[in-house]
Every structure is written in C-alpha cells, then in structure tokens.
1. For chain B, modelled as a Gaussian network with Cα springs under 10 Å, which listed residue fluctuates most, B:L61, B:L325, B:L113?
2. Compute a Gaussian network model of chain A, connecting alpha carbons closer than 10 Å, and tell me which residue from A:T50, A:T76, A:T117 fluctuates the most.
3. If the elastic network links every pair of Cα atoms under 10 Å, which of B:S264, B:S137, B:S380 fluctuates the most in the Gaussian network model of chain B?
4. Tell me the mean residue ellipticity at 222 nm calculated for chain A from its helices only (DSSP H runs of n ≥ 4, each -39500 (n - 2.57), averaged over every residue, nearest 500).
5. Just report the Cα centroid separation between segment B:66-86 and segment B:106-138, whole Å.
6. Using a 7 Å offset from the Cα along the Cα-to-Cβ direction at both A:T76 and B:V30, what is the distance between the two label points in nm, to one decimal?
7. Quick one: work out Rg over Rh on the C-alpha atoms of chain A, Rh as Kirkwood radius.
8. Loop only by DSSP, 15 or fewer other Cβ within 10 Å of the Cβ. Give me the chymotrypsin sites (Phe, Trp or Tyr not before Pro) in segment B:248-299 that pass, ordered by residue number.
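Bear in mind that the values in this text are calculations on the coordinates, not laboratory data. Because the structure is a prediction, the values reported are computed rather than measured. No Cβ is skipped: glycine too gets one built from the backbone with ideal geometry, and neighbour counts run over all protein chains shown.
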Amino acid sequence: MTHKRRTYLAVFLLMMSQLAGADSVIVHPDVKVSSLSSQELRSIFTMRSTRWPDQNAIHVFVLPDSHPLHRSFVKTQLNMFPYQLRMIWDRSVYSGAGYPPILVPSIQEMLVRVKSTQSSIGYIDDNSLPLLKGVNIIEIR
Amino acid sequence: MKYARLLSLCCLLCFSGRLLAEDNVSEWYVGGFITQGLVATDNNNFAGKSSEGVSSDFRELAVYATWRPLSNMHFSGQIMSRPFGNVDDGTPQIDYLLADYSFSVGSYNEFGLRVGRVKLPYGFYNETRDVSFTRPSIVLPQSIYLDVIREIQISADGVMAYGYFPISDLRIDVDLVIGKPREGDQAEYAYLRSNYSGSFTDSNGVMSRVTLGDDAETWRLGITLGRYDLRYKPGSLGELGLSQGDVNFDVAVASGQYNTESWSLAAEYMLVSVDRSDLGGFFELNGNNNSDSYYLQAIYRFNRDWDLLIRRDVFYLDKNDRSGLKAEQLTGLPAYFMWAKDYTIGLGWQASQNISFRAEWHYVQGTVWLPAQDNPDIGSIKKNWNMYLLQATYRF
C-alpha cells in the first residue's frame, strides 16, 4: 500500500514538475532589454532579427530539436513547431542570408554559455530557476 | 609606407577589438551536407540511365562558410557540386558568394542589401532547392522547379535588396534581385530544344518576390514576378536560320502554404511567357510560347521523425494547346511532349539530427520536363512512366 502511495506521489510530483516546467527566457546581464513581445521573441529565435536595439549582435542559444524543453519552448513561447523553426534556419543559412543559432547539448550548458556570452539569449525550464545567477530573465508580453 | 603602417595598425585594432568583444562566440559559421540519390524508371531516363537499371548519377554536395565581422554585416559563400545525369557533370560551382549589409530601420526590423552571387527569390523553395532537408521531396515539383533549367533559375550575379516588416501579427517579406542569371547549355536545351553551335552570351534579369504571412508561419502567401533577357549568338552552323537576338522570358508565380503541427499544405501556380521571335528564322512565326503549371501538395507528419507526402503536379508547355494536338500537327512530335501530369507519393525519415532518408514514387503521364540530355533518342520516349527514388543525406 505504502509502495503504491509512494508511486502516486512520484507520479504527482512528476506531473507538477511538468506543469511547473514552464519556460523562461534568459539573457546575458549586458542586454538592456527587460521585456519582449512574443512577436519580437519569434523574430529573434527565427534568426530574422539579428541585433538588439543598441545594435549589438544577438547570440541565440538553442537546445537540440528533439530536446523536450526545446519542443515545449517553441510551442508555448513561440507558438510555432520545431520543424518550422528548423526550416526557417536552414533556408536562411543555406542561401547565404543568415546564420544558424548556437546549439548547446543541455540546460546546464545553456546556462553556462548565456552567462559567459555577451548579448546572448537562451531559455531554461523553471526547475533550473534556483540556479540562476549571472543571467537576467526576460518578461514576455 | 607611413599610410601602410597606419592601415595595418587600424586593422590590428579592429580585429583585436572584435576578438575581445566576442568572448567565447565565434563569428564564423561553417557547415555542409552530402546527399546521394538513387533513381530507377521503367520508361524514359531521369538523372542518368535510370531506365537501364538504377542510376546513382544524382548527388548534391555543398560546403558553406559565413563570417560576421560586424553585427550588421556578413560575408557568406557556398560551393556546390551537383551531378545530375547528363544535365550537370558535377563540376563544383559557386552557389552563392556575397556580402550582406543590413540597415537599422527600427528595432527588430531588417532591411538590407546583398552584393555578389545571390540566390534568386522565386516561389517557396528555389533558394535552397538543392538542400534536401529544406525541400519536401527528393524531386521538387517540376511544374515550378524545373530541373532542366535549374542553372538559370538558381542564382544571379548582381544586387539584392531585402526587407522584413512586421505589421501587427503579420509579416511582409520583400526580396528584389537585379543581375545576370547564369546562362549556359541548359538554357539552350530548355528554350531552343537543343544544344546548337550558337550560345547564350549575355543575360540580364530581375526577380522579385513579396510574401505575406502570419508571424508564426501558420500560413504564407507569395507572389513572384521576374523577367530575363538572354542574348543569343548564332554559331557556325546557323541552325534553324536563327540570327543574333534576345530571348525574353517573363515569369509569375503565386504561392500559398498552410502549416499545423501534423499537416503542411502547399500549392503554387506559375505562368511563363517566352518570346523568341527576335531570333527570326524558325522562331519568326512561332516564337511566342505561354506555359502554365501548378502543383497541390499535402504533407502529413506522423511524429517528429516520419512524414508522408502526396502531390499532384501538372505542367502545360502551351496553355492554348493543353492537349498538345496542335503542336503534334505542326511538328509531328507526339502530343504528350507538350505536357506532364505527375502523381507523387513520398516517405521521409529523420533518423537523427544529422541523417535523413526519403523514398518516393512518381507516376507520370507526359514527358514535357524530361531532360533532353538524358533522352537523346526521341523515338524511344514513352508517354506513361514510373520513377522510383531513394535519397540519403548527411549534414555536418
């Protein structure tokens, strides 16, 4: 019985963590922007906007296409699907129009790179929020 | 001497400044891919001798590099080799090589100029038509993306202006290229039906595209308008009694696309008007030609790795003679040389982030877009034919 109860608890906690796993957009502290509209966010993560308003180059960090956080971020924050984003990047990169985002393998690496790269932007899940130090969170309007 | 020293000092300062500012981010981007295709047909040849067995004469290999020295400037180039039957022997070509400068017109808008060899904005797929992971099928719909005239559709040496403007939840993309498209033997086959002793010696072209869509690309609508002028110089044999002159080529494409998580629907319609009357001779009286063509396409994604494609692709070389019977009476060539109707079914598998595969079946009636280079014997060209393709891609 206790075993079963423990399983329920584990499942409940897992579900909670999934729910609480809403994503946050993070930037290097030198970025002088505290909020973005969802349209501006899309424009940055599709690599169409390449500069911050102060004209510094935006450095975009993303997780692999198959990473659960990437999939949820693209769906909930960008209102797009990962295949669309991938298509937009590839069309731009292979026609000489632009450049790809910088791929990082894990959320830990995402934090490390955004912390250490000027004018950078990335995203994390809320489970990583307690670890946030040295990056700013961007409010999405 | 003094100036040279000053210049080198300036350069040094510039570069060290960049290096310091960019901390751990490289502003160099390098990548590429290799795609190998296999083609088999029951009748007629496509991409090599596909009717005599399996042809592997269909490969795409490219490497690109982009350098971003300033936040609003980059240099980018790609070299590509694309063996494709007797149409292309695979000699490496500069696919694009350009400098891009973007102006600031308010935050999160982009407006800029590209100079050099630029890809032509044309329909939904043209700029990256040779990049297997950006196209929906192994062989693109020939109604719009004719492989036999790829050379002249792919890029131009000149100037490109581009802009991207958000308007509330919508977005408008504008592209305009003025330059010299690549002229060559492929254009001769396509517009003069054979490779004569004469050749196209000069070209001028304008290509423009406006795309309207919602910001998340759920839907997109596009219009492409273009005009080419190709200068023909007759050769020693003076075939068809042609004299020096211009072939004019006007193109209009309407494009539409709708995307959901599982479905992508697309359709494009094209009108092309070719005027060869300036060449005189054979084309004195019948030098004008108006073609129209379209495709309807549905893609269903089972999950993020597997997709199914279904398409209907139709091409009429003469829209005033859709059956081809008038041409048959005039030239004696079979009516089905004047059109093609293609049913396509395809299956795609994204095996990993870097490796993907596709399989495809085309059931085609009509032969208008068959490469003449791979089908030199007109008498053996059949009306109905099947084409089976496999493709593997590795990107790096």
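1. Evaluated over chain B, the most mobile residue of the options is B:L325.
2. Among A:T50, A:T76, A:T117, the largest GNM mean-square fluctuation belongs to A:T76.
3. So, out of B:S264, B:S137, B:S380, the one fluctuating most is B:S380.
4. On the way: 5 runs with 58 residues, N = 141.
The helix-only estimate for chain A comes to -12500 deg cm²/dmol at 222 nm.
5. The distance from the Cα centre of segment B:66-86 to that of segment B:106-138 comes to 12 Å.
6. 3.9 nm
7. With Rh from the inverse mean 1/r over Cα pairs, Rg/Rh is 1.04.
8. Those satisfying the criteria are B:F282.
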